[in-house]
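J.: Submitted below is the structure of interest, expressed as structure tokens.
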Amino acid sequence: MIDINATILAQMLNFLILVVVLRAVAYKPIVKMLKDREDTIAASLKKADDDAAKAEAALKEYQDQLANARTKAQDIVDKAEKRAQEDHEAFVQATQKEIAQMKEAAEQQIQRERQQAVEQLKGEMITLSLAAASKIVSKNMDADENEKLIGEFIDQLDKDKIGDMPC
Amino acid sequence: MHEIGVRETVQFAGLTFNEETLIMTWITMAIVILIAFLATRSLKMVPTGAQNIVEAIIVWLREQVATNLGPKGDFLCPLIVTLFLFLLVSNWLGLVPFMASPTNDLNTTLGLALLIVIMVHVLGVYMKGMHYIGHFFKPFPIFVIINVIEEIAKPITLAFRLFGNILAGEILIIILLKLVPIWMPIPSVIWLAFSIFIGGVQAFIFTSLSMAYLANAVKESEE
């Protein structure tokens, strides 16, 4: 059962043949493929890292750009608001000025009309006073002196009464 | 094996050969080569099917070699891979009806063990020179006796461990089939399953021990 004969040599030879064959058929291609796979994986990982870095850089750039755009937009809005404010104030001032002018013009006109009215009234008053005086006094005095006398009276009257009259 | 322990022999060129062992060895070699061929026929970066299995075995053994033998032992990888695949298929071949394991013959196991041990010494002298021979005489010259016994024991234990396990397994299968009636297959099935386990374990043990012995010769010593 445990006799040793030339089979032992044959088995050694068989095994060595098998080693050579397997090395050629299976071992070398598989090791080469493993190496290839390792390389591929390493390359893929590196590429993934690079891509991630690139993506991050791009994101940062976009964020910067966005921030810039926001600042710019804010500036534009601020400027526009300021300008609108200025326009508004200018408009208000112009309007106020116009109103003041109109008011002044109106006052002047009122003043003028009042003056006219006073003048007119004065004339009428003189005529009326003359008529009254001539009737009262019956003696017709010198017309010039008469008018002067009545004018003084009227002036006094004017000063005392008409001048204080609220217009 | 028609009668346990009796081997039919053939004479060739004045030498005696065990006919059955040789035929079974060739069948084993054919199976191993066929598996390797099928698995590597179309190697893909993304492995599928048989490629996975062969690839896993090769990667695993490469790691073992890398840790045990170091970078210098890389060229021994094909030997280790072949050894493991050959022993695995050999051990399991005997469990197929009408087949026998090549490893149930001491010629096979002792042949492999001697091959490994001779390789260990040749590689040791080749890679380490006198330093390798010197280490048999350390720490005292008298230790050479113990060391030589150890070196002789290595192939013998390696060979007999595998031979005994496989032969015993096959014998017990035959005995169980003869002892137990055919309608009671449970003991045979259990023993068959156990033999599958033993076949794998023994192939692994033989391979690891071979690696350990080779490491002595190849690995850089830490002194």
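J.: Could you tell me which residue of segment B:19-38 is farthest from the other protein chains (Cβ to nearest Cβ), considering only residues that are β-branched (Val, Ile, Thr) and open to solvent by 70 Å² or more (accessible area, probe 1.4 Å)?
T.: B:23
J.: Name the residue that is modelled with the lowest pLDDT, counting only residues in segment B:8-43 that are under 15 Å from residue B:111 (Cβ atoms) and touching an Asp or Glu at 6+ places or on another chain (Cβ under 8 Å).
T.: So the residue we want is B:18.
Quick grid of which residues meet (1) under 14 Å from the mean Cα position of the chain (by Cα); (2) exposed (fewer than 13 other Cβ atoms within 10 Å of the Cβ); (3) in a helix (DSSP H, G or I):
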{"position": "B:158", "(1), (2), (3)": "yes, no, yes"}
{"position": "B:170", "(1), (2), (3)": "no, no, yes"}
{"position": "B:173", "(1), (2), (3)": "no, no, yes"}
{"position": "B:181", "(1), (2), (3)": "no, yes, no"}
{"position": "B:189", "(1), (2), (3)": "no, yes, yes"}
{"position": "B:197", "(1), (2), (3)": "no, yes, yes"}
{"position": "B:200", "(1), (2), (3)": "yes, no, yes"}
{"position": "B:205", "(1), (2), (3)": "yes, no, yes"}
{"position": "B:208", "(1), (2), (3)": "yes, no, yes"}
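J.: Can residue B:96 be described as under 27 Å from residue A:31 (Cβ atoms), among the hydrophobic types (A, V, I, L, M, F, W, C) and out of contact with any Phe, Trp or Tyr (no Cβ under 6 Å at 6 or more places or on another chain)?
T.: In short, no.
J.: When you go through (1) assigned to a helix (DSSP H, G or I); (2) facing chain A (nearest Cβ under 7 Å) one by one for residue B:16, which number turns out not to apply?
T.: (1)
J.: Output the number of residues of segment B:68-99 satisfying the condition of being open to solvent by 50 Å² or more (accessible area, probe 1.4 Å) and at pLDDT below 85.
T.: 9
J.: Mind counting the residues in segment B:39-84 that are out of contact with any Leu (no Cβ under 8 Å at 6 or more places or on another chain), over 17 Å from residue A:34 (Cα atoms) and within 10 Å of chain A (Cβ to nearest Cβ)?
T.: The number of residues fulfilling the criteria is 1.
J.: Next question, about the same structure. Counting only residues that are farther than 13 Å from residue B:59 by Cβ and open to solvent by 60 Å² or more (accessible area, probe 1.4 Å), which one in segment A:32-41 is modelled with the lowest pLDDT?
T.: Across segment A:32-41, the extreme among qualifying residues is A:32.
J.: Within the bounds of segment A:4-14, is there any residue that is within 7 Å of another protein chain (Cβ to nearest Cβ), within 30 Å of residue B:83 (Cα to Cα) and of a type in the set (Ser, Thr, Tyr)?
T.: yes
To keep it simple, each residue is scored yes or no on (1) surrounded by fewer than 18 Cβ atoms within 10 Å (Cβ to Cβ); (2) in contact (Cβ under 8 Å) with a residue 40 or more places away in the chain; (3) over 17 Å from the mean Cα position of the chain (by Cα).
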residue	(1), (2), (3)
B:12	yes, no, yes
B:40	no, no, yes
B:46	yes, no, yes
B:59	yes, no, yes
B:106	no, yes, no
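J.: Could you tell me how many of the residues in segment A:118-136 are free of Cβ contacts under 8 Å to residues at least 40 places away in the same chain and farther than 11 Å from residue A:150 by Cβ?
T.: 6
The values are calculated or read from the model by the stated rules, or taken from the named source; none is laboratory data. This structure is a prediction, so every number in the text was calculated from the model and none was measured. Ideal geometry is used to build each Cβ from the backbone, glycine not excepted, and the neighbour counts take in all protein chains shown. Note: areas computed on protein heavy atoms with side chains; ligands, DNA, RNA excluded. Shrake-Rupley method; radii C 1.70, N 1.55, O 1.52, S 1.80 Å.
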